[in-house]
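Notes to accompany the following structure.
The values are calculated or read from the model by the stated rules, or taken from the named source; none is laboratory data. Since this is a predicted model, take the numbers as computed values, not measurements. Here the Cβ is made from the backbone with ideal geometry for all residues, glycine too, and neighbour counts use every protein chain on show. Side chains included, ligands, DNA and RNA excluded: accessible areas come from the protein's heavy atoms. Shrake-Rupley method; radii C 1.70, N 1.55, O 1.52, S 1.80 Å.
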Amino acid sequence: MRRRIVAGNWKMNGSKDLVQQLVGPVREQAGRLDNGAEVVIIPPALYVSAVQAEAGDDLATGVQNVSQWQSGAYTGEVSADMARDMGCGYVLVGHSERRQLFGETDETVAAKVEQVLQSGLTAVLCVGETLEQREAGDAERVVATQVIRGLARVEGESWSQVVVAYEPVWAIGTGRTATAEDAQAMHAEIRNVLSSMKAPAESISVLYGGSVKADNAAALFSEPDIDGGLIGGASLKADEFISICRSFPAGS
Ligand code: PEP
C-alpha cells in the first residue's frame with residue numbers, strides 16, 4: 001500500500017564522469033525492480049538533466065533543495081516549479097545539513113514543503129535529532145516537533161505528495177546507524193504524530209537515512225514501518241547502491 005522508495009542523495013558530490021559511470025548500471029540493475037521500490041537519484045541540481053538522459057523512465061530524479069519562494073529576484077535559488085519543469089519527481093526539504101549549515105528553520109521548511117506541493121512534486125521532509133538530544137532523552141519530542149511544524153501547511157489530497165525521512169543527525173555520514181529496532185520505534189512514533197495531525201499516516205512512506213549500507217539495509221527495510229531509505233555516501237557507489245535497492249524482504 002505504501003510506496004517503497006530508495007533515494008540516493010549525492011549531496012555536493014558528482015561530475016559528468018560519475019553520472020556516466022553510475023547511472024547506467026543503477027538503471028540496468030535497479031530500475032523497475034520486482035520488489036516494487038522506486039529508485040530516485042538526487043544529484044546536485046546542475047546534473048539533473050545529465051542523470052535523466054542516462055536514467056530514462058526507469059529511475060526517478062529529484063533535487064536536494066528548493067527556494068521557499070515561487071519565483072523572482074532571488075539570485076542563486078532554484079524553485080520547485082523549475083524542478084517540475086525539468087522532470088523531477090522529488091524534492092528533499094529540511095535535510096539536517098541545510099538546517100545546521102544554512103540556518104533553515106521549521107518555518108522555512110514548512111514554506112518549502114508548501115512550494116513543493118503546489119508544484120505537484122513529492123516533498124521528502126527530513127527530520128532527526130542530534131546525539132545530544134538523543135542522550136538527553138529528547139529525541140522523540142524533537143522529531144515530533146519537526147514533523148508537526150514542517151508539515152503544518154499540508155492539507156487534504158496533498159498528503160499523498162508527502163514522504164518523511166527519519167535521519168538521526170548522529171548517523172549521517174558517520175558510519176553509525178540506528179539499530180533496526182530503534183529506527184522502527186521512531187518510525188512508528190512518526191506515524192503516530194502524522195495520525196494526530198489527521199494525515200493518512202498508514203499511506204505515508206517513512207524512509208530511514210543515516211549510514212545505510214548494503215550490509216545493514218535488509219535489517220532496516222524488513223521493519224514494518226520502514227518503507228525504504230535515503231542514502232548519502234553509499235549512493236555514490238553503484239554496486240553498494242544497487243544492493244541497497246534490492247534489500248527489501250521478498251514476497252511482501
Ligand atoms: C544523507 O545525506 O541523507 C545521508 C543519510 O547520508 P549517509 O548515508 O552518508 O549517512
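Worth a mention:
- The label-point distance for ASP85 and GLN20, in a model that sets each label 7 Å from Cα toward Cβ, rounds to 2.9 nm.
- Inter-label distance, nm, simple model (7 Å from Cα along the C-beta direction), ARG3/SER160: 1.1 nm
- Our Cα-only numbers for the chain put the radius of gyration and Dmax at 16.7, 51 Å.
- Farthest toward positive dipole pole in segment 128-190 [+1 Lys/Arg, -1 Asp/Glu at C-beta], among THR179, GLY128, GLY150: GLY150
- Compared with the rule-of-thumb size 2.2 N^0.38 Å for a compact globular protein, segment 78-125 has a Cα radius of gyration ratio of 1.09.
- Counting 0.36 nm for each residue step from THR145 to TRP69 and taking away their Cα separation leaves a gain of 25.0 nm.
- Translational diffusion coefficient (Stokes-Einstein; Kirkwood radius from C-alpha pairs) of segment 191-252 at 20 °C, 1.002 mPa s, in µm²/s: 171 µm²/s
- Estimated D of segment 99-202 in µm² per second, where Rh is the Kirkwood radius over Cα pairs and Stokes-Einstein applies at 25 °C, 0.890 mPa s: 173 µm²/s
- Cross-link pairs exceeding 21 Å in C-alpha to C-alpha distance, out of LYS16/LYS237; LYS213/LYS237; LYS11/LYS198; LYS112/LYS237, comprise LYS11/LYS198; LYS112/LYS237.
- In the complete set of protein chains, residue-level accessible area for SER71 is approximately 90 Å², probe 1.4 angstrom.
- Cleavage-rule hits (GluC sites (Glu not before Pro)) in segment 151-206: DSSP loop, at most 15 neighbouring Cβ within 10 angstrom: GLU155
- Sulfur and carbon atoms: percent of accessible area, the chain [1.4 Å]: 48 percent
- Solvent-accessible area per residue, Å², over segment 34-168 with all protein chains present [probe radius 1.4 Å]: 45 Å²
- Most mobile of PRO44, PRO200, PRO224 in a GNM of the chain (Cα contacts under 10 Å): PRO224
- Computed over segment 121-252: relative contact order in percent, which uses C-alpha pairs under 8 Å that are six or more apart: 24 percent
- Residue among LEU207, LEU33, LEU236 with the largest mean-square fluctuation in a Gaussian network model of the chain, springs linking Cα atoms under 10 Å: LEU33
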